[in-house]
Amino acid sequence: MRLIIDTDTAGDDVFSLMLALRRPGVTVEAITIAHGNVGFEQHAENALAALEACERAGEVPVYLGAQRPFTRPPLDAAYVFGADGMSDSGLARTAQRPAPGHAADEIVRRVMEAPGEITLIAQAPLTNIALAYLREPRIARALKHLWIMGGTDNGVGNVTPAAEYNLYVDPEAAKIVINAGFAMSLVTWTETLRDGLLTLDQLAALDALGTPRAAFFTQVNRTSLAFAQETEHLDGSLHPDALTCAVALDEALILEAEMAVVDVETMGELTRGYLSVSNAILPDIEVADPALRRRPPNARVIKKIDRQGFYAALRDALL
Ligand code: RIB
Ligand code: CA
């Protein structure tokens, strides 16, 4: 599998990168940096730190992308991950530096040079993906598959009741990407709440592996674990990006999925970034309102994932 991962590298983004970087048979061709969780430059530093933690320093280029959303103000999530996105670990600056070239141009170049070969995991606001598509619409057909961590499946969001962070921060970019015609699968915040929790016992078992990568994981996960326990009243930490990467790397982990008509709200005052997901009892058809246009399903929405398989995949990455 040939992968590009677009990331606003903080907390769980790092664990997603580690899953891919440590998986035999997977080539991470490039890491592209988006705005999002914490400072833009810090996202690049954190991705470079993840490469070093996986003993891949210098082997995977890191490209800088869009530094803010198309029209909306940037939105920081340091309250979840710590100011540096790494639970304020004070990690040393790595020798590897970001590569020259813009993330969107690199996505276009690499996808168009290898049609049908590249899988893209989008685990950040979708600005870079939208820019790449606007730069070269043919990537929608040339990309093998687009995995998006984002939105909710008619569930509660994590920024507003309607919206999950990645779609809330740049809803215009999300709308462009969702309607571009990519072959795509979505792992939503709703699915993360269902199957993306690592319990305190599981986290203790990962730490007990005693490897440098396990210690790095525990260290980087501290602040988001504390946030999950204190604010979300959870018995562990949530891992949306790592969950998305785990199923992208091994679709056998998918226990239930459904093709649906999805779209993104950009005009709503209360529903900015809301992901509309049709379903069997509420199809996107004109029965309810003749003005509704029947549209073909445009995304596979993941509904259930093998939790033990997810945990095992992460454990293997930390050995
Ligand atoms: O809503 C969760 C998503 O927002 C994750 O990708 C997290 O890293 C943040 O970007
Ligand atoms: Ca992310």
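Overview of values
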{"item": "Qualifying positions in the stretch 161-182 - within 11 Å of ligand 1 (Cβ to nearest atom) and either aromatic (Phe, Trp, Tyr) or at positive phi (or both)", "result": "165, 168"}
{"item": "Residue match in the stretch 245-259 (condition: within 30 Å of residue 69 (Cβ to Cβ) and over 20 Å from the mean Cα position of the chain (by Cα))", "result": "no"}
{"item": "Single condition residue 185 does not satisfy, out of (1) polar (S, T, N, Q); (2) open to solvent by 30 Å² or more (accessible area, probe 1.4 Å); (3) within 16 Å of ligand 1 (Cβ to nearest atom)", "result": "(2)"}
{"item": "Selected residue (criterion: farthest from ligand 1 (Cβ to nearest atom)) from residues of the stretch 109-134 that are open to solvent by less than 10 Å² (accessible area, probe 1.4 Å) and in a helix (DSSP H, G or I)", "result": "111"}
{"item": "Residue satisfying condition, being more than 15 Å from ligand 1 (Cβ to nearest atom), modelled with pLDDT of 95 or more and not acidic (Asp, Glu), within set 56, 72", "result": "56"}
{"item": "Subset of the stretch 188-200 [among the hydrophobic types (A, V, I, L, M, F, W, C) and within 13 Å of ligand 1 (Cβ to nearest atom)]", "result": "189, 193"}
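Yes/no matrix, rows are residues, columns are (1) part of a helix (DSSP H, G or I); (2) on the phi > 0 side of the Ramachandran plot; (3) of a type in the set (A, V, I, L, M):
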position	(1), (2), (3)
191	yes, no, no
194	yes, no, no
217	yes, no, no
220	yes, no, yes
232	no, no, no
245	yes, no, no
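The values are calculated or read from the model by the stated rules, or taken from the named source; none is laboratory data. Small disclaimer: the values here were computed from a predicted structure and weren't measured. In this analysis, Cβ positions are derived from the backbone assuming ideal geometry, glycine residues included, and neighbour counts consider all displayed protein chains. In case anyone asks, the SASA skips ligands and DNA or RNA and just uses the protein heavy atoms, side chains included. Shrake-Rupley method; radii C 1.70, N 1.55, O 1.52, S 1.80 Å.
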